[in-house]
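Chemist: First the structure, which I've put down as structure tokens, then a few questions once you've had a look.
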Amino acid sequence: MDGPLRLEVIIASIRPQRLAPVVADWFVRTARARPEFETGIIDLLHTPLPTDLSDAPETERFRQRLADADAFVAVTSEYNHGYPASLKTALDSAKHEWRAKPIGFVSYGGLSGGLRAVEQLRQVVAEIHMVSVRESVSFHRARKQFDADGNTGDGAAIDAADRMLSQLAWWGNALAAARVSEPYPG
């Protein structure tokens with residue numbers, strides 16, 4: 001590819017007093033430090049999502065942004081052993097725009113660190129023809145992992161983010177080239 005990959009970071013939680021912006025801001029800073037990516041943010045709290053695949057203007061803008069992306073990262077909490085309904089709605093609000101593109105996950109929560117949400121999401125994204133990269137970032141007891149400036153000292157998470165971004169870059173370039181040479185059959 002010529003130039004950086006377009007990476008869209010999706011902030012899934014829409015709850016009041018959510019930790020999502022802190023986790024997402026840290027990850028976006030990490031991604032923007034990498035020359036392989038041009039990174040944008042889709043915060044589902046501020047993104048009008050349709051309830052169907054209609055052609056309403058807000059739906060078209062959302063779907064066009066997805067179509068223009070080369071890779072995605074979902075920053076997700078874990079609620080009741082699952083991922084937020086807002087993320088499911090976002091995934092279901094488009095179809096072809098997701099296909100043959102990689103996705104990574106940054107999760108957070110209590111003891112599980114959001115890992116149960118990620119395991120469920122891997123099944124969902126496979127069904128919509130996405131490639132889930134193997135590495136993920138997980139914050140256990142997340143509220144204790146970030147300082148007042150939104151930085152973390154969690155070495156495992158920092159290392160995992162670096163590996164995940166490398167995998168996203170590899171898959172993003174490989175799949176972008178494949179989509180150019182031959183349309184995805186699906």
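The values are calculated or read from the model by the stated rules, or taken from the named source; none is laboratory data. Small disclaimer: the values here were computed from a predicted structure and weren't measured. Cβ atoms come from the backbone with ideal geometry, glycine included; neighbour counts cover every protein chain shown. With ligands, DNA and RNA removed, areas are computed over all heavy atoms of the protein, side chains included. Shrake-Rupley method; radii C 1.70, N 1.55, O 1.52, S 1.80 Å.
Chemist: Here is a check on your reading of the model: is residue 160 part of a helix (DSSP H, G or I), farther than 23 Å from residue 29 by Cα and open to solvent by less than 70 Å² (accessible area, probe 1.4 Å)? So that I can check it myself, show each step before the final result.
Modeler: Numbers: part of a helix (DSSP H, G or I): yes; farther than 23 Å from residue 29 by Cα: no; open to solvent by less than 70 Å² (accessible area, probe 1.4 Å): yes.
So residue 160 fails the test.
Chemist: Moving on. Only one of (1) open to solvent by less than 40 Å² (accessible area, probe 1.4 Å); (2) of a type outside the set (Phe, Trp, Tyr); (3) closer than 13 Å to residue 23 by Cβ; (4) assigned to a helix (DSSP H, G or I) is not met by residue 113, so which one is it?
Modeler: If we test residue 113 against (1) open to solvent by less than 40 Å² (accessible area, probe 1.4 Å); (2) of a type outside the set (Phe, Trp, Tyr); (3) closer than 13 Å to residue 23 by Cβ; (4) assigned to a helix (DSSP H, G or I), just (4) comes out false.
Chemist: Okay, next question. How many of the residues making up region 152-184 are touching a helix residue (DSSP H, G or I) at 6+ places or on another chain (Cβ under 8 Å) and either modelled with pLDDT under 95 or closer than 13 Å to residue 131 by Cβ (or both)?
Modeler: The total comes to 1.
Chemist: Among the numbered criteria (1) more than 19 Å from residue 27 (Cα to Cα); (2) crowded, with 19+ Cβ neighbours inside 10 Å, which single criterion is violated by residue 120?
Modeler: With (1) more than 19 Å from residue 27 (Cα to Cα); (2) crowded, with 19+ Cβ neighbours inside 10 Å applied to residue 120, the lone miss is (2).
Chemist: Still on this model: Can you tell me which residues in region 1-18 are out of contact with any Phe, Trp or Tyr (no Cβ under 7 Å at 6 or more places or on another chain) and either loosely packed, with under 14 Cβ neighbours inside 10 Å or among the aliphatic types (A, V, I, L, M) (or both)?
Modeler: Here is the first cut: in region 1-18, the ones out of contact with any Phe, Trp or Tyr (no Cβ under 7 Å at 6 or more places or on another chain) are 1-3, 6, 11, 13-18.
The answer is 1, 2, 3, 11, 14, 15, 16, 17.
Chemist: Just checking: which of the helices (runs of 4 or more DSSP H) contained wholly in region 1-104 hold 3 or more residues that are in contact with an Asp or Glu (Cβ under 6 Å, 6 or more places away or on another chain)?
Modeler: Details: elements: 20-32, 57-68, 85-92.
Answer list for region 1-104: 57-68.
Chemist: So which pairs qualify, if the first residue must be in region 34-49 and among the small types (Gly, Ala, Ser), the second must be open to solvent by less than 50 Å² (accessible area, probe 1.4 Å), the Cβ gap must be under 6 Å, and the two must be at least 6 apart or on different chains?
Modeler: The qualifying pairs are 40/8.
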